[in-house]
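Below is one structure; the comments refer to it alone.
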Amino acid sequence: KINEQLKTGDTIGCFYIESPAMRQLLKKLGCETYLTLVAASSIIRPGVAMSGMMKTYIRNFHDPQNVKYLHPVMKEHLQETFGVMVYQEDVIKVCYHYAGLDLSDADVLRRGMSGKYRSKKEFERLVQRFFDRAKEIGRDEETTREVWRQVSSFAGYSFSKAHSASFAVESYQSLFLKTYYPLEFMVAVLNNYGGFYQRWVYVHELKKAGANVQLPCVNQSEAKVIIKGKDTWLGFIGLQGLESQYFDLIPHEREADGPYRDLADFIRRTAITLDQAIILIRIGAFRFTGKNKKELLWEVHNYLGNKTIPQQKTELFHTEIKEFHLPDLQTSELEDAYNELELLGYPLSLSMFDLMKSSYRGDVQVDELSKHIGKSIKMAGNYVCEKSVRTKNNKKMWFGTFLDSRGNFLDTTHFPASTPVYPFRGKGCYLIFGKVVQDFDFPSVEVIKFAKLPIKDNPAM
């Protein structure tokens, strides 16, 4: 079961294997064993990808009978990795067995390429010795140049096998938790405040795993995210603008003297200021009262105005605050979503697609891409992240990651010619027009045109 999740790239939140590039690699390899993951943990490093050896490794992995080895020495010593140098030890092996350097020189050369050897002159001497010794023992000059290209392209970025193996152990451990305890695992990821993605992506994964994710509530939430069965409550820490003193004060006071009865009771027991109470009201933390946000905002100004009520632990007599009859004050889901966007950084009650002015959700969804290979299609995607790289011609290109309206990940490629005309413009939903391509059974979209879609106006503005 764990290996199946690994193979399909369902690894969001898992140590080292959650980035778009790594999830793509896992899918392209069809990675379903520990040893394959060990190799993947090293070949994802920049040098291997830049040299083109990652693609060679994937091709050879799927067709080991037809591997074209550069030299019999490569077949003898790199058969485990299908003729590709994957680990730092492989660099030492090739320098020693192919070029005839002694092991100490081979290791110095490896360290020099990773920037850990200070003498440039000594390093250049060893590079020349690599070519001289290879020639002395009869190696073909053209083959030697290609061997050196591969060595120099990734020796500075690769892991040692032990390093990759230990990373893969931790990846498997976190994937075990994600597979068998998906709700608890994603709650822990949120509370860890780390990871590759923005916070809302992990909330999305939590909902996808079957959790009923609730906005913060003064009678349920703690400082961090908590889980009770399938119900999870977002914590106070995630609220932008809420002062840290209230993260623990609110639950501690609730624990000591029981649930808050209403807004007035909460104000009296916490001595909260007006601006801080407004943040909690706007996020819906008093929805247990049955009153809507605008009614509560009216109330809080009556209670506090511009003053703070001192916190009272005990009181001899409790005087009820006079209730006023208010006109019917309307709120809307859209207004709530804008409050969430401002205070959490993402909407929870609605999706970004729901905020779009258009009802368009794309002609094609991600799970249908394989039926459209080679065709130009239009899609709508919610921006997740982007990454820029330099081409061999030193031009900039981008790789994008989006979610479609069904919550599936879409990967896009933006070539140097198109991206300046159609740039990324931050978070939101985009209209994507491009060509569907497939690489080792992994479909993605090469973007031709690209534009951010307008969203509905905030009704509170």
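The values are calculated or read from the model by the stated rules, or taken from the named source; none is laboratory data. Nothing here was measured: the structure is a model prediction, and the numbers come from that model. For neighbour counting, all protein chains shown are included, and Cβ atoms are generated from backbone atoms with ideal geometry for every residue, glycine included. These area figures cover heavy atoms from the full protein model, side chains too; ligands, DNA and RNA do not enter into them. Shrake-Rupley method; radii C 1.70, N 1.55, O 1.52, S 1.80 Å.
Accessible area per residue for the chain is 50 Å², calculated with a 1.4 Å probe on protein heavy atoms, without ligands, DNA or RNA.
Work out the charge dipole of the stretch 331-372 with +1 on the Cβ of Lys and Arg and -1 on the Cβ of Asp and Glu about the Cα centre, then indicate which of S351, S370, L334 is farthest towards its positive end. It is S370, whose Cα lies furthest towards the positive end. Charging the Cβ of each Asp and Glu at -1 and of each Lys and Arg at +1, and nothing else, the dipole of the chain about its Cα centre rounds to 1540 debye. 3J(HN,Hα) along the stretch 131-142, derived from phi through the Karplus expression 6.51 cos²θ - 1.76 cosθ + 1.60 where θ = phi - 60°, amounts to 6, 5, 5, 4, 5, 4, 8, x, 6, 5, 5, 5 Hz, with x in place of Gly and Pro.
Given DSSP loops and a limit of at most 11 other Cβ atoms within 10 Å, what is the longest stretch of the chain that contains no such chymotrypsin sites (Phe, Trp or Tyr not before Pro)?
Details: sites that count: Y193, F317, F324.
It runs 1-192.
When restricted to Cα atoms, the stretch 53-154 yields an Rg and a Dmax of 13.5, 43 Å, respectively. For E386, the shell of other residues with beta-carbons less than 13 Å away shows a net charge of +4, using +1 for Lys and Arg and -1 for Asp and Glu.
Given the alpha-carbon gyration tensor of the stretch 107-254, what are the semi-axes of its equivalent ellipsoid in whole angstrom, ordered largest first, with each equal to the square root of 5 times an eigenvalue?
Numbers: eigenvalues 600, 66, 26 Å².
That gives 55, 18, 11 Å for the three semi-axes.
Counting protein heavy atoms only, the chain has 52 percent of its accessible area on carbon and sulfur, 1.4 angstrom probe. Count neighbours as other Cβ atoms within 10 Å of each site's Cβ, and list the trypsin sites (Lys or Arg not before Pro) in the stretch 405-461 that are DSSP loop with at most 14 such neighbours. Taking the stretch 405-461 and a limit of 14 other Cβ atoms within 10 Å, the loop trypsin sites (Lys or Arg not before Pro) found are R406, R425, K456. For the stretch 234-284, trypsin sites (Lys or Arg not before Pro) meeting the loop criterion (DSSP other than H, G, I, E, B) and having at most 14 other Cβ atoms within 10 Å: R261. Would you mind checking K228/K427; K28/K452; K28/K449; K427/K456; K375/K449; K378/K427 for any pair whose Cα atoms are more than 22 angstrom apart? Table pairs above 22 Å Cα-Cα are K228/K427; K28/K452; K28/K449. Label sites at E32 and K392, each approximated as a point 7 angstrom past Cα along Cα to Cβ, lie 3.5 nm apart. Only helices enter the 222 nm calculation for the chain: every DSSP H run of n ≥ 4 contributes -39,500 (n - 2.57), and dividing by all residues gives -12500 deg cm²/dmol, rounded to 500. For the stretch 7-117, a crude dipole built from +1 on the beta carbon of Lys and Arg and -1 on the beta carbon of Asp and Glu, taken about the Cα centre, is about 380 debye to the nearest 20. The local environment of I281, defined by Cβ-Cβ distances under 14 Å, has a net charge of -3 under the rule Lys, Arg +1 and Asp, Glu -1.
Return an integer: the convex hull volume of the alpha-carbon atoms of the chain, in Å³ per residue. Please report the intermediate quantities before stating the final value.
On the way: hull volume 88.5 nm³, N = 461.
Dividing the Cα hull volume of the chain by its residues yields 192 Å³.
When the charge dipole of the chain is built from unit charges on Cβ atoms (+1 for Lys and Arg, -1 for Asp and Glu) and taken about the Cα centre, the candidate among I58, G305, T143 whose Cα reaches farthest toward its positive end is T143.
Which entries of K1/K178; K93/K120; K7/K161 show an alpha-carbon separation above 18 angstrom in the structure shown? K93/K120; K7/K161, as the Cα separations exceed 18 Å there.
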